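Notes for the one structure printed next.
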Amino acid sequence: METQDTNNNKVRARKRICILGSTGSIGTQALEVIEAHQDLFEAYVLTANRQADLLIRQARQFQPACVVIADESRYEYVREALKDEPIQVYAGADALCQVVQMEPVDVVLTALVGFAGLRPTLSAIQAGKPIALANKETLVVAGELVTRQCVEHRVPILPVDSEHSAIFQSLMGEQSPIEKIILTASGGPFRTFTEEQLRDVTPAMALKHPNWDMGAKITIDSATMMNKGFEVIEARWLFDVEPERIQVVVHPQSIIHSAVQFEDGAVKAQLGMPDMRVPIQLALSYPERLKSDFPRIDWWDMASLTFERPDMQKFRCLGMAYEAIRLGGNAACIVNAANEVVNLAFRQGECRFLQMAEVIEQTLNRVPHAQALDLEGYMACDAEARRVAREAVNKLKVSR
Ligand code: NDP
């Protein structure tokens, strides 16, 4: 995109970015990228759920056209704090669906967490906005609907998840079919734990990821390997590859971010230090690569890169994700909703580590299955699955 300055020189217009979830781990790293490339990017919309003070600070610094605080009870506080700034303040979930459609927005970065990402992402797609997608739950819940709408509205999805960015980068310049996707997994903090040890895992232990510093929900999902299961589903939709051709390989060093194998046996991978700013920046700058001072691999000092088979017996959530794809329809939506309930319940001390998989499995068995849902169908399914999962967690509390 080029415009002309006052001296008739060609200058590139800055990309105006709407960040859904600017106060989170991905959101704040995206703002670092924007700050480092102020000539190229502009934070046009910032949104948060409850962290009003951080949102206010970000708004003062980045001067977006508007901000949204999803939690309506904090609207007055944010509005009052920003009353001297030329920044519109909105509140509520519906406002998220509206701001993504604002005419000047060039890219929507979906960096909010959970099912809450689905509606605004669909709204952005309907307005023809390119999506830089971090919110994997959107594709887990409604991959068929989302990818269909992307085709209808000719909207590209640029993956932010490091594995999917690696696959995307391995596919750059390729027209040949994919034989297999190699989706790497760190294995999380409990890769070497026995089942006995897993029983006693506490939230504090699970919230410490060996390689990545992420939001609380995805950190727990990484510890159970539900996150890797979700990434299999995400890859299935992003790259239109059947799950049998997506192989999860445990690679504890998180240097190879994922790879693609082609039909001649050649494998292309993307490597780098574990740093989410790399895929975030590429999703915003694509098709260009921008300079960065992010840490580089030190090849002479790097010990070894190792690979293992994932233990599906120990990490049942990974197997459940494959089962959800096989079942199709609303199965992954049920798994996602149950997972959101148990993930929070575990963090709040309401269930034990291994009970998370049990509750998700029970919920998947109890909620009626359905095929080809629309948005309302997914919302109803999500609500029902949460109710059933919540009931199961409450029973655990009683029987303890
Ligand atoms: P965080 O929990 O750190 O941040 C979540 C963001 O979403 C915050 O801005 C939060 O606001 C906002 N938010 C939470 N709930 C709602 C809601 N109901 N409505 C509107 N906004 C909401 O999450 P992460 O940044 O870790 O993850 C974001 C997404 O990116 C997830 O889908 C995750 O799976 C994915 N991802 C994350 C990676 C990472 O390294 N962190 C890596 C790959 C993918 P507030 O701060 O006010 O609560």
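Here are a few things to note about the model shown:
- Of all residues making up the range 236-266, the number that are surrounded by 14 or more Cβ atoms within 10 Å (Cβ to Cβ) and either β-branched (Val, Ile, Thr) or on the phi > 0 side of the Ramachandran plot (or both): 10
- Evaluation of LEU54 against the conditions (1) touching a residue at least 60 places away in the same chain (Cβ under 8 Å); (2) within 8 Å of the ligand (Cβ to nearest atom); (3) of a type outside the set (Ser, Thr, Tyr) shows that the sole unmet condition is (1).
- Odd one out for MET320 among (1) in contact (Cβ under 8 Å) with a residue 24 or more places away in the chain; (2) over 24 Å from the mean Cα position of the chain (by Cα): (2)
- Of all residues in the range 124-152, those satisfying the criterion of being surrounded by fewer than 24 Cβ atoms within 10 Å (Cβ to Cβ) and in contact with a Lys or Arg (Cβ under 9 Å, 6 or more places away or on another chain) are GLY128, GLY143.
- Among the residues listed as VAL89, VAL78, VAL68, the single one being outside any loop (DSSP other than H, G, I, E, B), away from the ligand (no atom under 13 Å from the Cβ), free of Cβ contacts under 8 Å to residues at least 60 places away in the same chain and touching a strand residue (DSSP E or B) at 6+ places or on another chain (Cβ under 8 Å): VAL89
- Selection count, the range 212-227, where residues are more than 9 Å from the ligand (Cβ to nearest atom) and either without any contact (Cβ under 8 Å) to a residue 24 or more places away in the chain or not hydroxyl-bearing (Ser, Thr, Tyr) (or both): 4
- Residue match in the range 321-339 (condition: in contact with a strand residue (DSSP E or B) (Cβ under 8 Å, 6 or more places away or on another chain), crowded, with 18+ Cβ neighbours inside 10 Å and not aromatic (Phe, Trp, Tyr)): no
- In the range 24-47, the residues that are over 15 Å from GLN63 (Cα atoms) and within 16 Å of the ligand (Cβ to nearest atom) form Cβ pairs under 8 Å with partners that are of a type in the set (D, E, K, R) and outside any strand (DSSP E or B), at six or more places apart or across chains, as follows: SER25/ASP213; GLN29/ARG277; VAL33/ARG277.
- Restricting the range 184-211 to residues that are closer than 30 Å to ASP264 by Cβ and within 13 Å of the ligand (Cβ to nearest atom), the residue that is surrounded by the fewest Cβ atoms within 10 Å (Cβ to Cβ): SER186
Read the figures in this text as sums done on the coordinates, not as results from a lab. These numbers come from a predicted model, not from an experiment. Cβ coordinates were reconstructed from backbone atoms using ideal geometry, including for glycine residues, and neighbour counts include every protein chain displayed.
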